[in-house]
Amino acid sequence: MKTQQQYPAQFSFELFPARTPEGAAKLPQIAAQLAVLQPKYFSVTYGAGGSDQDGTYETVVRVVEKTGVEAAPHLTCVGSTRAKIAELLQRYKAAGVKRIVALRGDLPATAHGAEAPGELHFASELVRFIRETEGDAFHLEVAAYPEMHPQASNPDIDFEHFKRKVDAGADAAITQYFFTADAYFDFVERCERAQLQLPVIPGIMPIVNHAQLTRFSAACGADIPRWIRLRLEQLQDDKTALQDFGLEVVTRLCETLLKAGAPGLHFYTLNQVEPTLRLWKNLALPMPLQPAV
Ligand code: FAD
């Protein structure tokens, strides 16, 4: 049974498709600046913020063209059909994509806790479908929730559902972001007890904006510990002080995780270079070339 520290460390950066023409023009430059750090791959979200699958596809293609670094599209099954997913997989395969982040996706607001619309209802069904139709053509990453998925009824049931994704053929997991390292360690221990053999990469959210972090955290169920919340509230009108405090908190979190054997980090970059770069420097991670930022 492999422990987390026995997996090779991998660092990856998440981007989202730009929402405006100006954003689209800037994104390859952002990717190029982050590519200097030689991540294992970039991942590109789908659906969040209203992006469509073409936006994800085009961003993946442009990022690879600009940086030469592998890019992994996020692929969600909510509201889709087997035929549409199969077509998309062919499109990605033809573009040379070898890694996919396989997700259910967020339910539309109209779903009100009901079953996800579409032919595949959960990420485990999507993973199974990809394995059945494409074998090992793709390396599959799935989502993990150390603090429980917000719609799950309890942590054990949620963990059983996570296990289904692994049993269906997931290769690795990326966690929802969290600020309490023990939540990650507890999740990894549960994986070990259940004999799940896969790297669980912590998802890292830089703290750059109080209102945005509060909104994201309420939506995805990430806990902001009281002491952090109080400090952020106090510093919310002083951007520099807030970001310095956030950097300190997240640096300490990353150091704790890496020291205890987390096999890398996945940075939610928010399409910004500076927060991830500052963290990277603080952590003294390898700097293959000096980026001009
Ligand atoms: P699942 O693993 O299917 O779980 C969803 C819920 O259903 C959980 O509560 C689970 O306990 C429950 N469940 C699972 N299987 C069953 C079952 N058989 N029976 C009953 N209940 C079950 N969203 C986007 O829209 N676009 C993105 O690009 C995106 N990227 C993300 C990247 C990462 C790393 C993470 C952590 C999340 C991302 N999300 C994204 C958010 C994600 O889509 C949502 O959290 C979504 O609500 C759940 O997706 P999932 O793949 O974890 O679903």
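The values are calculated or read from the model by the stated rules, or taken from the named source; none is laboratory data. Being a predicted model, the structure only gives us computed values, none of them experimental. Please note: Cβ atoms are built from the backbone with ideal geometry, for glycine as well, and neighbour counts cover all protein chains shown. Quick note on the areas: whole protein, heavy atoms, side chains included, nothing else; ligands and nucleic acids left out. Shrake-Rupley method; radii C 1.70, N 1.55, O 1.52, S 1.80 Å.
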>> Residue under question is Lys93, and the condition is that it be charged (D, E, K, R), touching a Phe, Trp or Tyr at 6+ places or on another chain (Cβ under 7 Å) and more than 14 Å from the ligand (Cβ to nearest atom); does it hold?
In response: no
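Only one of Ser43, Ser80 is among the small types (Gly, Ala, Ser) and touching a His at 6+ places or on another chain (Cβ under 7 Å); which?
It is Ser43.
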> Of the conditions (1) more than 16 Å from the ligand (Cβ to nearest atom); (2) over 28 Å from Pro199 (Cα atoms); (3) not small (Gly, Ala, Ser), Asp52 fails just one. Which one is it?
Replying inline: (1)
> Tell me, which residue of segment 167-196 that is open to solvent by 20 Å² or more (accessible area, probe 1.4 Å) and not in a loop (DSSP other than H, G, I, E, B) is nearest to His121 (Cα to Cα)?
Replying inline: Asp167
> Just for segment 126-147: of the residues that are near the ligand (Cβ under 8 Å from one of its atoms) and touching an Asp or Glu at 6+ places or on another chain (Cβ under 9 Å), which one is nearest to Phe42 (Cα to Cα)?
Replying inline: Glu141
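Among what's in segment 129-157 and is in a loop (DSSP other than H, G, I, E, B) and over 25 Å from Ile85 (Cα atoms), pick the residue that is nearest to the chain's Cα centre (by Cα). Quick ask: steps written out before the conclusion?
Of all residues in segment 129-157, those in a loop (DSSP other than H, G, I, E, B) come to 135-138, 145-154.
Going one step further and asking which of them are over 25 Å from Ile85 (Cα atoms), we end up with 146-148, 150, 152-154.
Values: Pro146: 13, Glu147: 15, Met148: 15, Pro150: 16, Ala152: 19, Ser153: 23, Asn154: 22 Å.
In this case the residue turns out to be Pro146.
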> For the subset of segment 55-79 comprising residues that are within 12 Å of the ligand (Cβ to nearest atom) and in contact with a Lys or Arg (Cβ under 9 Å, 6 or more places away or on another chain), which member is farthest from Arg128 (Cα to Cα)?
Replying inline: Gly55
